[in-house]
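Here is the structure we will look at.
The values are calculated or read from the model by the stated rules, or taken from the named source; none is laboratory data. Keep in mind the model is a prediction, meaning the values are calculated, not measured. Neighbour counts run over all protein chains shown; Cβ positions are idealised from the backbone, glycine included. Note: areas computed on protein heavy atoms with side chains; ligands, DNA, RNA excluded. Shrake-Rupley method; radii C 1.70, N 1.55, O 1.52, S 1.80 Å.
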Amino acid sequence: MAITYELMKSVTAQLYDWSLKKVPDDTKDALRRAEAAESNPLAKRTLGILLRSAEVAEQSERLVCSDSGVPVYFVQLGTGARIEGDIKQAIRDGFDHLVETISPPILKHVTNPLTNERSYRGKDMPLVTWDVLSGADYIDITCQPKALGSGRWAALEIFTSPSLEQIEAFVMDCVLKAGSQHCPPVIMGVGIGGSFDYCAKLAKLATLRPLGSVNPEPILAAMEARLTEATNKTGFGPMGTGGDTTTLGVHIEYAAGHGFTPVAVCFNCWINRRTRARIYNDGRIERVE
């Protein structure tokens, strides 16, 4: 048996659909913890509203937010996976089919950057990043739609042999520039090192880590704790209402590089859209939390 075009088309479309209607369980748990700990009454009430919105959307199969963003996928091809058909085209065809069938319908958020014209189709859309998984007999697919609020405030800067203090200062500068315009409490991803493009990928992958997990690198674990504390002390709070909860977590990944060191920062809004599944050679589909 093999992983077919039809399977890839169906699964990628479903992942995008699911991501628009369900806040991940680890994110809802983090929101509940934040609500319990929040000292600002308005911020506490706002967190409660966000949680109720998540629950109602899931129960009624409605969109959590009207800004469905654009479909973005991270696909890992197992070296033992057997593929039949054009799986790259399958992702695009799956999105086209979803646009025609999803209920409620989604808005035209795919934008041509040269003309600002909006539609459901566009060059390189959906946006897909590919990687390889050694020894796996499956394809691992993560869907993480990007909307305007969280996508607008991502940033990257290249330093020359920066200190940890310089890196943290840059991250906090990004936090202050974003303010509350990215719909906090946000999840923050930071990439350090590698090359220009690889660093941005690291920042994105950092946002996929489960909330509450501890970085295995002690230096980064300590940096994550400092940045989380500093971000929450800014006082922007949930949806800009003030309080103690501007981020639910800061996650950092790094790679070796040259003397020039890129640092990238990206954000996910409070919905923290991400869904994941694996398609095995035998046709089995496994949801991964």
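For the chain, set up a Gaussian network in which alpha carbons nearer than 10 Å are linked by springs, and say which option among Arg121, Arg92, Arg274 fluctuates the most.
Arg121
Please work out the FRET efficiency for the pair Arg45 and Lys108, using the Cβ-Cβ distance as r and a Förster radius of 35 Å; give the result to the nearest 0.05.
After rounding, the FRET efficiency stands at 0.55.
Could you compute the net charge surrounding Asn112? Neighbours are other residues with a C-beta less than 13 Å from the C-beta of Asn112; K and R count +1, D and E count -1. Before the final figure, lay out the partial values.
Numbers: positive: Lys108, Arg118, Arg121, Lys123; negative: Glu117, Asp124.
Net of charged neighbours comes to +2.
What order, most packed first, do the peptides 241-253, 125-137 have when packing is the mean number of other Cβ atoms within 10 Å of each residue?
Answer by packing, highest mean first, reads 241-253, 125-137.
Rounded to a whole number, what % of the accessible area of the stretch 25-161 do carbon and sulfur atoms account for, probe 1.4 Å? Could the numbers behind the result be given before it?
Working: 3870 of 7590 Å².
That share works out to 51 percent.
Compute the angle between helix 196-207 and the longest alpha-carbon principal axis of the chain, please, reported from 0 to 90 degrees and rounded to the nearest 10.
For helix 196-207, the angle is close to 80 degrees.
With an 8 Å cut-off on Cα pairs and a minimum separation of 6 or more residues, tell me the relative contact order of the stretch 66-220 in percent.
In percent, rounded to a whole number, it is 28.
Compute the Rg/Rh shape ratio of the chain: radius of gyration over Kirkwood radius, all on alpha-carbon atoms.
That ratio equals 0.97.
How big is the Cα convex hull of the stretch 133-271 in projection, averaged over all directions, in nm²?
Computing the convex hull of the Cα atoms and averaging its projections yields 8.7 nm².
Around Pro210, what is the net charge, scoring Lys/Arg as +1 and Asp/Glu as -1 over all other residues with Cβ under 9 Å from its Cβ? Show your work: numbers first, answer last.
Details: positive: Arg209; negative: Asp26, Glu289.
Taking every other residue near Pro210 into account, the sum is -1.
Starting from the 7 Å offset along Cα-to-Cβ, what nm value, one decimal, do you get for the label separation of Glu100 and Val56?
Output for this residue pair reads 3.3 nm.
Among 54-63, 184-193, how do they line up by average Cβ neighbours within 10 Å per residue, starting with the highest? Don't skip to the end; give the middle numbers.
Details: 54-63: 13.9, 184-193: 26.9.
Packing proxy ranking, top to bottom: 184-193, 54-63.
Nearest-5 percent of antiparallel DSSP beta bridges in the stretch 36-182?
Around 55 percent antiparallel, to the nearest 5.
Hey, what number do you get for the chain at 222 nm if only DSSP H runs of n ≥ 4 count, each worth -39500 (n - 2.57), divided across all residues, to the nearest 500?
That comes out to -12500 deg cm²/dmol.
Restricting to Cα pairs below 8 Å that are 6+ residues apart, what does the relative contact order work out to for the stretch 17-66? Please round to a whole percent.
Over the stretch 17-66, the number comes to 49 percent.
Across the stretch 27-86, what fraction of all alpha-carbon pairs, as a whole percent, falls in each successive 10 Å bin from zero upward?
Using 10 Å bins, I get a P(r) of 18, 29, 23, 18, 9, 2 for the stretch 27-86.
Can you tell me, using C-alpha contacts under 8 Å and at least 6 residues apart, the relative contact order of the chain as a whole percent?
28
Which of Thr207, Thr27, Thr160 moves most in a GNM of the chain, Cα contacts under 10 Å?
Of the options given, Thr160 has the highest mean-square fluctuation.
Please report the antiparallel percentage of the DSSP beta bridges confined to the chain, to the nearest 5. Before the final figure, lay out the partial values.
On the way: 29 of 46 bridges.
Taking every DSSP beta bridge within the chain, about 65 percent pair in antiparallel fashion.
Tell me which cysteines of the chain come out unpaired when the rule is another cysteine's Cβ under 4.7 Å.
Here Cys65, Cys143, Cys174, Cys199, Cys266 come out as lacking a disulfide-compatible partner, given the Cβ-Cβ threshold of under 4.7 Å.
I'd like to check one number: the per residue accessible area of the chain, probe 1.4 Å, reported in Å² as a whole number.
47
Per the Kirkwood formula on distinct C-alpha pairs, the Rh of the stretch 203-249 is how many angstrom?
Final number for the Kirkwood radius of the stretch 203-249 is 11.5 Å.
Relative to the longest principal Cα axis of the chain, at what angle does helix 218-232 sit, 0 to 90 degrees, rounded to 10?
70
Sort all Cα-Cα distances of the stretch 55-199 into consecutive 5 angstrom bins from zero, then give the percent of pairs in each bin up to the one containing the longest distance.
With 5 Å bins starting at 0, P(r) equals 2, 7, 13, 16, 16, 17, 14, 10, 5, 1, 0.
Apply the Kirkwood formula to the stretch 145-199: the hydrodynamic radius equals the inverse of the mean of 1/r over all pairs of different alpha-carbon atoms; give it in Å with one decimal. Please list the in-between numbers first.
Working: mean 1/r = 0.0807 Å⁻¹.
After inverting the mean inverse Cα-Cα distance, the result is 12.4 Å.
What's the extension gain from Asp86 to Glu117 if we count 0.36 nm per residue and subtract their Cα-Cα distance?
Net length gain for the segment: 8.3 nm.
Just to verify a number: FRET efficiency for Gln181 and Thr234, C-beta to C-beta distance, R0 = 22 Å, to 0.05?
Values: r = 13 Å, r/R0 = 0.59.
Result of the calculation: an efficiency of 0.95.
For the Cα atoms of the chain, what angle does the longest principal axis make with the long axis of helix 164-178, in degrees from 0 to 90, nearest 10?
That helix lies at roughly 80 degrees to the long axis.
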